[in-house]
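The values are calculated or read from the model by the stated rules, or taken from the named source; none is laboratory data. Keep in mind that what you see is a predicted model, and the values were worked out from it rather than measured. Quick reminder, even Gly has a Cβ in these numbers, built from the backbone with ideal geometry, and neighbours come from all protein chains shown. Note: accessible area is taken over every heavy atom of the protein model, side chains too, but ligands, DNA and RNA are not part of it. Shrake-Rupley method; radii C 1.70, N 1.55, O 1.52, S 1.80 Å.
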Amino acid sequence: MDLSDTPEEAAFRARLREWLAAVLPGLPPKPSPDDWPGRRAYDLGWQRRLHDAGYADVHWDASPTTRLIFLEETEKAGAPYVGANFVGLLHAGPTIAAEGTAEQRERWLPPILRGEEVWCQGFSEPGAGSDLAALRTRARRDGDAYVVTGSKIWTSHAEVADWCELLVRTDPEAPKHRGITWLAMPMDAPGITVRPLRTLAGSAEFAEVFLDEVRVPVANRVGDEDDGWRVTMVTLSFERGTAFAGEVVACRRVLGELAVEARKNGRWDDPALRRRLGRLHAEFRALWRLTQWNVSAAEATGGVPGASGSVFKLRYSHARQELYDTAAAVLGPDCLDLDRPWTLDRLSALSYTIAAGTSQIQHDIIAERILGLPRGR
Amino acid sequence: MRFRLTDDQRALREGVREVFARRFDGEALRAAVDRADGAGAGSGSEGRGAVPGAGDGADGSGPGGGAQHAAGGGSVLGDGAGRFGSGGGRPAEGPGGAGGVRAARVDRGLWRDLGELGFFALRLPESEGGVGLGLPEAVLVFAEAGRMLLPGPLVATHLAAGAVPGAATGETVVAAVDGGLVEWLAEADVVRGDATGAVALRSIDPLTPLHRVPARRAAADPVAILLTAAEQLGTATRVCELAAQHARAREQFGRPVGAFQAVAHLCAGILVRVETARAAVHAAAVTGDPADIAAARLLADEAAVRGARDCLQVHGGMGFTWESEVHLHLKRAWVRTQRAGGVTESEELLAAALASETA
Ligand SMILES: Cc1cc2nc3c(=O)[nH]c(=O)nc-3n(C[C@H](O)[C@H](O)[C@H](O)COP(=O)(O)OP(=O)(O)OC[C@H]3O[C@@H](n4cnc5c(N)ncnc54)[C@H](O)[C@@H]3O)c2cc1C
């Protein structure tokens, strides 16, 4: 067991640090959360910078440890996060890299890496959330195209996306996990309507996407027809893997800020609150160690994170909610003020136990896949 | 011992529930949120002006300050509710004007209807034009108000009945300074306490405008704490209903999600907290004992906040939307946890009570 960098890792870390110190001061100010075109441009611009400096493919081609160092150092330096590039870099990109043809990789991967195209994820439907395989959006073959009709919901970044990784039902007769197909749908195709949905925090982070006879070329299919469920499982394990590693670093920074604020406003003198902060400190130290542990396991087994991603996701999403509840205790009455950044973060933390598989579903996955308990449904 | 509602109390609860449902239904709630929120969820800084002289409070008018004209007082059980008009609201040029900040408004028509119903004059003696009921009844009525998310400074106006002219009848909207916060300052005709230096903040609850004032320590009125606990109890009751409704109706994997033990247990846990809090709140209303009131507050806060969160979880993605009503309950519950010094004061009071009992 060794927690220190290898010489190559240390060299990568040093080079990255130096580069971040040089470029970050020159970045334009962050756009406001409601300025979607601005956010798109900002996030793509950052990816472009990474690309030009040779860090474009760190999310997939690099070793898991290198990726972790990247996430740790960029977060510590306060660099932008993937933002609107999330699906491209962490879902669709890795899926295409693993399952796509040479032609498809050539068409879609470079624009993601160069920060030219944004992707969104069209998986969930009104009737298919936790039970994703119940999805009903229908694709019918018509010559060299699929004709797609149905609706998707909770599609993050749909308004600014160029492409959608879309799950459709190609065989309604087959058992539900078969008969699903993975398509790359251009978001400017005729027949697509995007209706933004407001979150409880007041912003439009996600949308409903209505599809009315949308033609998607058969050439945009990744994997075989009716084999989309297997293709999807590859993607989902990425989502629950290292995707949150940078956030753990960010949470530890917030925790430090909470201690500063508490000492300033006097609430540090409340021993109950002080110990709560102490416990959270333990929590986030451990979550960071768990991340390192999982990354080393992934390194040994060849990269794809397994059910251990669920262990992390479950624990982390609850820790994040406790962090911002504690922030509220530190703020006192000011926790009701939306102009305090922690207030909005507290609201958005509420989605962490729902998005990307609810806590209840994560418990099921752990019980079934790790503990081998009988399936309940 | 006969620790249960009397027939009259049950009738009172059903009566006000029916009137509130008619007077402030789901549609009215939605409209009120849209109105408050339309002012701009985004920008808030402009309105952060100080509120000069907002503190010319009515505290000076003193308790029991003269007979109130509680017009038509006492028709709590019944037919007192007027039409549900949006009218009657004077253009609220409250002190400090709320330009830029979300402008939630007190619906003056609703306020007068509440007055006519006896909501504010509930505990005033009949000889003073009040309804002549006590804390147990007040708690029932405030729980119903909490359940419906009724907006406005309900507790402050109720406590001002008999002391501030027009409060009992709902002619006057009364706000009160509470620790470092004032709810509904700009909409109030009368502000009790010293609100000098008040600054608007961008409230997390679209239906509770808030101002920050320099915190001044003042002993909290136990009745205010109890009525807040009653409102929390109402919220907890409502989110329990919503969670169970959704768990019955929403299907995944070919069955209602409530059939999954994880979801069923979340719902059951909400109910356990509701029932425990209810017993604590009702008992405190009977005894009026500060320790009972502090206990009621702690239990009711927990039932409301955790209940709303578990309800949100049961709703899945739907619970995270603005359109769903769940977040409004959570946000209101969070606002109420800040009243009267927050839970810390109640915990300290109970610890001290324990120490003196065992000394
Ligand atoms: C902020 C946010 C962003 C999102 N972004 C995207 C996106 O970009 N693309 C996309 O495709 N989707 C996205 N989603 C959707 C997300 O994946 C779903 O919300 C999630 O899978 C839950 O589905 P649901 O909302 O239908 O809830 P439901 O599945 O209806 O769940 C309701 C409740 O039932 C419980 N439940 C359901 N089944 C079981 C079971 N078998 N056992 C125990 N409990 C169960 C759940 O845990 C939950 O408490 C996003 C969601 C959020 C909140």
Quiz prompt | Hydrodynamic radius (Kirkwood) for region A:174-254, which is based on Cα pairs only, to one decimal in Å | solution = 15.9
Practice problem: Find, among the trypsin sites (Lys or Arg not before Pro) in region B:145-239, those assigned to loop by DSSP (not H, G, I, E, B) with at most 15 other beta-carbon atoms within 10 angstrom. | Solution: B:216, B:217
Quiz item: If you average 1/r over every pair of different alpha-carbon atoms in region A:60-127 and take one over that average, what Kirkwood value in Å do you get?
Solution: 13.4
Quiz prompt | Kirkwood hydrodynamic radius of the protein assembly as shown, Cα pairs, Å | solution = 28.0
Self-check item: P(r), alpha carbons of region B:222-357 - 5 Å bins starting at zero, rounded %
Solution: 2, 12, 20, 19, 16, 11, 9, 6, 3, 1, 0, 0
Quiz prompt | Protein accessible area in chain A, 1.4 Å probe - carbon and sulfur % | solution = 53
Quiz item: Between residue A:52 and residue A:106, what FRET efficiency comes out of the Förster formula 1/(1 + (r/R0)^6) with R0 = 22 Å and r the beta carbon distance, rounded to 0.05?
Solution: 0.65
Quiz item: In nanometres, what is the gap between the two model label sites at residue B:272 and residue B:3, each 7 Å from Cα along Cα-to-Cβ?
Solution: 1.9
Quiz item: Relative contact order, percent, of chain A when contacts are C-alpha pairs under 8 Å separated by at least 6 residues?
Solution: 13
Self-check item: Over chain A: helical MRE at 222 nm, DSSP H runs n ≥ 4 each giving -39500 (n - 2.57), nearest 500
Solution: -15000 deg cm²/dmol
Practice problem: Measure off 7 Å from each Cα along the Cα-to-Cβ vector at residue A:15 and residue A:212, then give the distance between these two points in nanometres to one decimal. | Solution: 5.3
Quiz prompt | Around residue B:341: net Lys/Arg minus Asp/Glu count, Cβ-Cβ under 11 Å | solution = -1
Quiz item: What number comes out for the charge environment of residue A:169, summing +1 per Lys or Arg and -1 per Asp or Glu over other residues with Cβ under 14 Å away?
Solution: +1
Self-check item: For region A:97-158, alpha-carbon Rg and Dmax in angstrom
Solution: 14.5, 36
Quiz item: log10 I(q)/I(0), Debye, Cα-only region A:7-113, no solvent, q = 0.12, 0.13, 0.15 Å⁻¹?
Solution: -0.44, -0.51, -0.68
Quiz item: Regarding region A:119-226, what whole-number volume in Å³ per residue does the convex hull of its Cα atoms give?
Solution: 90
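For region A:1-84, which chymotrypsin sites (Phe, Trp or Tyr not before Pro) pass both filters: DSSP loop (anything but H, G, I, E, B) and at most 16 other C-beta atoms within 10 Å?
A:81
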Practice problem: Mind checking the full-extension length gain between residue A:77 and residue A:173? Use 0.36 nm per residue of separation minus the Cα-Cα distance, one decimal, nm. | Solution: 29.3 nm
Quiz item: Using 1/(1 + (r/R0)^6) with R0 = 51 angstrom and r between the beta carbons of residue A:279 and residue A:195, what's the FRET efficiency to the nearest 0.05?
Solution: 0.75
Quiz item: Averaged per residue, what accessible area in Å² does region A:41-120 show with a 1.4 Å probe, protein chains only?
Solution: 34
Quiz item: Given q = 0.12, 0.15 Å⁻¹, what are the Debye log10 I(q)/I(0) values for chain A, with equal point scatterers placed on the Cα positions and solvent ignored?
Solution: -1.00, -1.53
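Round to the nearest 0.05 the FRET efficiency obtained for residue B:251 and residue A:114 when R0 = 45 Å and r is the Cβ-Cβ distance.
That gives a FRET efficiency of 0.55.
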Quiz item: Which Rg and Dmax, in Å, describe the Cα atoms of region A:240-370?
Solution: 16.1, 50
Quiz item: Do any of A:76/A:176; A:30/A:264; A:176/B:331; A:313/B:331 go past 32 Å between their Cα atoms, and which?
Solution: A:76/A:176; A:176/B:331
